[in-house]
Amino acid sequence: MKRTYYTTTLILVLFFIQINQSAIAQNTNKTLNDVLIPGGIYDMGDHFGFVDPLHPSDEIPIHTVHIDSFYIANTVVTNQQFLNYLTSALSSGLIHVQNNIVYSVADTNIICYTNQYATYYSIGFNGNAFSIVDFRADHPMVGVLWYGATAYCNWLSSQNGYQPCYNLTTGDCDSTKNGYRLPTEAEWEWAGRGGHTNPYYNYSWGNDLDTAKANWPDSGDPYETGAYPYTTPVGFYDGTLKLKSTFNWPGTATSYQTNNGANSYGLYDMTGNVWQYVNDWYGRTYYGSSVYNNPKGPATGTLMPDNKPYRGMRGGNWYNGDVINSVNDGHSRISNRDPSYFRGPQDPNHPWYHVGFRVARNYTGVATGINSRNSEVNICRSFPNPFNSIITFQFELSQSSQAVLNIYNSLGQLITTIVNDKLSQGIHNYQWNAEAMPAGIYSYQLKTDNQIIFNKIILIK
């Protein structure tokens, strides 16, 4: 089948559509931003030999998978975003509250717990309306169950003119629809790796255990005080100095310096803050039978000690992603996988105060990434991203090719050409010094003889 490649015009049009759909806001007002993850091939699983004592060997064998391009949100869903859904669903008669628990009117599946059920949860219900009852409006939505996450996906799809993916009675996901859904395990790990496969990283940003890059226990952040949960606002760890006067956190510190914990795709909280549901059932031995092309997990899950199957979770969290305890620090590894049964010492009755989710959806255009091991470009990445002034572009050519690397601003205007030359096979590194440029969203385009790759980069000041 003959390959189809983007023209520059089509790429820029798609870029404008993506930018217009949402924007990166500053400080605590980060909004849902769909990040286009280019499709590719990678070796899924644990590359560092970690063994979880509760469910050993569930990250092996390492197996090669192919993922189509898709969108995924740059942050997990916040309490405020979920509140918007609850308010809409209540007014439409789709949900009801019984014993301080939110249910769908159609069945007995739990959507979420309210603050009146337990003070861990930030959304309250006064008998007539939902509201945020604490300072955590821009923190991850917790107290939500897998069914509630899928109901939110369907609502968000309808709000944006997309086709809802989920049958809320059966839980089945129609992956041919263009609406929002939970990412598959394979998609989540591919996005979380940020395109880094040579070498593979243990965490979303690299291999260093930097407690200023993620919300882990004992990170020292100013939210580690008072009543649980110890979540931080989404996207909090972005490399900027945070001020109590802006965030009004419960801790006494007047400021807190974060390091940038976003990965190369600009995804926040892929390593810490809250567990994140994936669409797949958790199968302990599934890696031994996983399909190659866009795997979607087993037909049902491994039975847990309570004799029930559970959906999977990824990402680690503020509660048990401990970087000091040599057993628990593995929870925030990018390859770590857990069933939503394992949440704490009271499993399966431990509170849901450290479980949330982020949304994904299909990309229906021509794939923009590295879709074959025979492609000219074996690696294409930019780091750090977001960046302060200097960003490095690294790509590997499988054969000699003319290569053009361009930088565009958010209006699609060409800013500079980094390289335009015939390059040899191998790894090439180039830097762009954007110190004189204003903060904002930029993009780079790498064009070779037979391939075009187009990705977003974020300049922060």
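Descriptive notes on the structure:
- Any chance Ile67 is touching a helix residue (DSSP H, G or I) at 6+ places or on another chain (Cβ under 8 Å) and either assigned by TED's automatic domain parsing to the domain that holds Gln276 or in contact (Cβ under 8 Å) with a residue 24 or more places away in the chain (or both): yes
- Failed item, numbered, when Gly143 is tested on (1) touching a Cys at 6+ places or on another chain (Cβ under 7 Å); (2) free of Cβ contacts under 8 Å to residues at least 24 places away in the same chain: (2)
- Summed over region 431-441, residues that are of a type outside the set (Gly, Ala, Ser), at pLDDT 90 or above and surrounded by 14 or more Cβ atoms within 10 Å (Cβ to Cβ) total 2.
- Note on region 100-116: among residues that are over 16 Å from Asn167 (Cα atoms) and either in contact (Cβ under 8 Å) with a residue 24 or more places away in the chain or in contact with a Leu (Cβ under 9 Å, 6 or more places away or on another chain) (or both), the one that is surrounded by the most Cβ atoms within 10 Å (Cβ to Cβ) is Cys112.
- Those residues of region 210-254 which are modelled with pLDDT of 95 or more, of a type in the set (A, V, I, L, M) and within 20 Å of Thr75 (Cα to Cα), in sequence order: Val234, Leu241
- In region 273-296, of all residues being surrounded by 24 or more Cβ atoms within 10 Å (Cβ to Cβ) and not charged (D, E, K, R), the one that is nearest to the chain's Cα centre (by Cα) corresponds to Gln276.
- Selection within region 149-164 - within 23 Å of Tyr282 (Cα to Cα) and in contact (Cβ under 8 Å) with a residue 60 or more places away in the chain: Ala149, Ala151, Tyr152, Cys153
- Selection status of Asp218, of a type in the set (D, E, K, R), in the same structural domain as Ser340 (by TED's automatic domain parsing), in a loop (DSSP other than H, G, I, E, B) and under 12 Å from the mean Cα position of the chain (by Cα): no
- Checking region 410-417 against the condition returns a match, with at least one residue being farther than 16 Å from Ile452 by Cβ, at pLDDT 90 or above, surrounded by fewer than 18 Cβ atoms within 10 Å (Cβ to Cβ) and assigned by TED's automatic domain parsing to the domain that holds Ile453.
- Residue count for region 92-110, restricted to those that are in a strand (DSSP E or B), within 15 Å of Gly127 (Cα to Cα) and touching a strand residue (DSSP E or B) at 6+ places or on another chain (Cβ under 9 Å): 6
- Here Tyr147, Tyr152 are screened, and the one residue that is among the hydroxyl-bearing types (Ser, Thr, Tyr), in the same structural domain as Thr231 (by TED's automatic domain parsing), closer than 20 Å to Tyr117 by Cα and assigned to a helix (DSSP H, G or I) is Tyr147.
The values are calculated or read from the model by the stated rules, or taken from the named source; none is laboratory data. The structure displayed is predicted, hence computed values, not measured ones. Neighbour counts run over all protein chains shown; Cβ positions are idealised from the backbone, glycine included.
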